[in-house]
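The values are calculated or read from the model by the stated rules, or taken from the named source; none is laboratory data. Bear in mind the structure is a predicted one, so any value in this text is a computation, not a measurement. Cβ placement follows ideal geometry from the backbone for every residue including glycine, while neighbour counts extend to all protein chains displayed. Each accessible area value is taken on the protein alone, full model and side chains, heavy atoms only, with ligands, DNA and RNA left out. Shrake-Rupley method; radii C 1.70, N 1.55, O 1.52, S 1.80 Å.
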Amino acid sequence: SSETFWTTTGMFPQEFIIGFPKCVKISKVAIQCYLVRTLRIERSVSKDPVDFEQCVEKDLQHTEGQLQMEEFPLPEFQATYLRFIIKSAFDHFVSVHRVMAEGT
């Protein structure tokens, strides 16, 4: 819902995990967030959210007053869980408004 978002509690790193019903193939992940400086995405192919491995880490560009929109192409990528780690920010609090995963 575009009416809701997730916000941090002010200390970093902060993280959230998204789980899929089964292992899926993902070709691209996109995120809309605000004031995120460094973002890492990790994946797990386990039945439980354990044994994560790093997929991508990126410093995002500061966009004053508007959402940051980042896309991460992930060719031939499988995951049961995605963990998003916000390592640092441009302010004390950041928000995540949308996460989209494309694939099968």
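In the full protein context, the chain carries 62 Å² of accessible surface per residue, based on a 1.4 Å probe and ignoring ligands, DNA and RNA.
Label reach from residue 50 (point 7 Å along Cα→C-beta): in the stretch 74-96, amide nitrogens under 16 Å belong to 80-81. Normalised by the number of residues in the chain, the mean separation of alpha-carbon contacts (under 8 Å, six or more apart) gives a relative contact order of 48 percent.
Atom-type composition of the exposed protein surface of the stretch 14-103 places 47 percent of the accessible area on carbon and sulfur (1.4 angstrom probe). Between the amide H of residue 98 and those of 32, distances stay under 5 Å, these residues lying 5 or more places away or on another chain, with hydrogens modeled in the peptide plane. The magnitude of the dipole of the stretch 14-103, with charges of +1 and -1 set on the Cβ of Lys/Arg and Asp/Glu and taken from the Cα centre, is near 220 debye. Annotation: amide H of residue 60 within the under-5 Å range of 38, 39, sequence separation 5 or more or interchain, hydrogens built in the peptide plane. Summing charges over all other residues whose Cβ lies under 10 Å from the Cβ of residue 26, with Lys and Arg as +1 and Asp and Glu as -1, gives +1.
Between (1) 1.06; (2) 1.00; (3) 0.96, which entry matches Rg/Rh (Cα atoms, Kirkwood Rh) as derived from the coordinates of this structure? Computed from these coordinates, Rg/Rh (Cα atoms, Kirkwood Rh) corresponds to label (3).
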